[in-house]
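Single-structure report; data block below.
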Amino acid sequence: MSTNSNELLEHFRTYLETFEEALVRGAVARIGWDMPARPLEPHGLPCLGYLDRAAELAPPNARPLARFLAAHRNELRWGQTYNAADFGAEFLTRYGWLEVFGTRGPFVNDEVAAGLLILGPGIVYPDHHHIAEEIYIPLTGGTEWHKGDSGFHVREAGEVIHHASNVNHAMRTAKEPLLALYIWRGGPLAQKSTIPGTVAQGRG
Ligand SMILES: [Fe+2]
């Protein structure tokens, strides 16, 4: 496996280990970190341009991971699950994710999936839900997050956001991009999200 994938996993784990929250500590403890590698071809996306700003915005504990992603963006396999018919073509220029481990990332894990999500400024990632429980940790602040019956609330970098199974959630970026770490567990790890009122499906 390439040095870069190993470094990616190391930065990812090191960042997670800076958190004291029981939810994060429990998740980190349950991950079997000695995962088999899965060689992947790199795949770029338009949203990768936001990584430079994200690396500037990231607080000290998130900076090594954010800088690594910015520096090695072209060597990694970035993905999208939505298409232009879901949220429009503009959304696709500002959205993408990188699975670090799971059923399709550079490390194989059938129990838990984790990676990073990028959203560019000024977009809405509409309500969606999925069976898997999800933990999000934004590496950049200023994005509004919504879940369940609550309204949108600005979340700062390093806040731990928990989406229980099948709870609707959404994000709305303001003038800065969002870079966020996600962990999926307890459900089908590559399941497409369900978007209320539509047949559109995606990831995250
Ligand atoms: Fe989600």
State whether one or more residues within segment 39-46 are part of a loop (DSSP other than H, G, I, E, B), aliphatic (A, V, I, L, M) and touching a strand residue (DSSP E or B) at 6+ places or on another chain (Cβ under 6 Å). yes
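Out of the residues in segment 174-196 that are hydroxyl-bearing (Ser, Thr, Tyr) and either over 16 Å from ALA62 (Cα atoms) or more than 10 Å from the ligand (Cβ to nearest atom) (or both), state the one that is surrounded by the most Cβ atoms within 10 Å (Cβ to Cβ). Outline the logic, then answer.
Kept after step one, since they are hydroxyl-bearing (Ser, Thr, Tyr), are these residues of segment 174-196: 182, 193-194.
Narrowing the set further to residues that are either over 16 Å from ALA62 (Cα atoms) or more than 10 Å from the ligand (Cβ to nearest atom) (or both) leaves 193-194.
Numbers: SER193: 21, THR194: 18.
Among those residues, the one meeting the criterion is SER193.
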Within segment 133-146, how many residues turn out to be crowded, with 21+ Cβ neighbours inside 10 Å and either in a loop (DSSP other than H, G, I, E, B) or basic (Lys, Arg) (or both)? 2
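Looking at segment 24-34, can you tell me whether even one residue there is closer than 20 Å to ILE118 by Cβ and either in contact with a Leu (Cβ under 9 Å, 6 or more places away or on another chain) or surrounded by fewer than 21 Cβ atoms within 10 Å (Cβ to Cβ) (or both)?
Here is the first cut: in segment 24-34, the residues closer than 20 Å to ILE118 by Cβ are none.
So far as segment 24-34 goes, no, none of its residues is closer than 20 Å to ILE118 by Cβ and either in contact with a Leu (Cβ under 9 Å, 6 or more places away or on another chain) or surrounded by fewer than 21 Cβ atoms within 10 Å (Cβ to Cβ) (or both).
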I'd like to know if segment 61-82 contains one or more residues that are within 16 Å of the ligand (Cβ to nearest atom), surrounded by 21 or more Cβ atoms within 10 Å (Cβ to Cβ) and closer than 25 Å to VAL154 by Cα. yes
Determine the pairs where a residue that is on the phi < 0 side of the Ramachandran plot and among the polar types (S, T, N, Q), located within segment 147-168, has a partner that is surrounded by fewer than 17 Cβ atoms within 10 Å (Cβ to Cβ) and assigned to a loop (DSSP other than H, G, I, E, B) with Cβ atoms under 6 Å apart, the partner being 6 or more residues away or on another chain. SER165/ILE131
Answer with yes or no whether ALA170 is out of contact with any Ser or Thr (no Cβ under 7 Å at 6 or more places or on another chain), surrounded by fewer than 21 Cβ atoms within 10 Å (Cβ to Cβ), of a type outside the set (Asp, Glu) and within 25 Å of THR93 (Cβ to Cβ). yes
Just wondering, is there one or more residues in segment 108-125 that are within 15 Å of the ligand (Cβ to nearest atom), surrounded by fewer than 19 Cβ atoms within 10 Å (Cβ to Cβ) and more than 23 Å from GLU7 (Cβ to Cβ)? yes
Taking segment 81-122 only, how many residues are modelled with pLDDT of 95 or more, assigned to a loop (DSSP other than H, G, I, E, B) and within 22 Å of GLY49 (Cα to Cα)? 7
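The values are calculated or read from the model by the stated rules, or taken from the named source; none is laboratory data. Note that the structure is predicted; figures quoted are calculated from it, not measured. Using ideal geometry, Cβ is built from the backbone for each residue, glycine included, and neighbour counts are taken over all protein chains shown.
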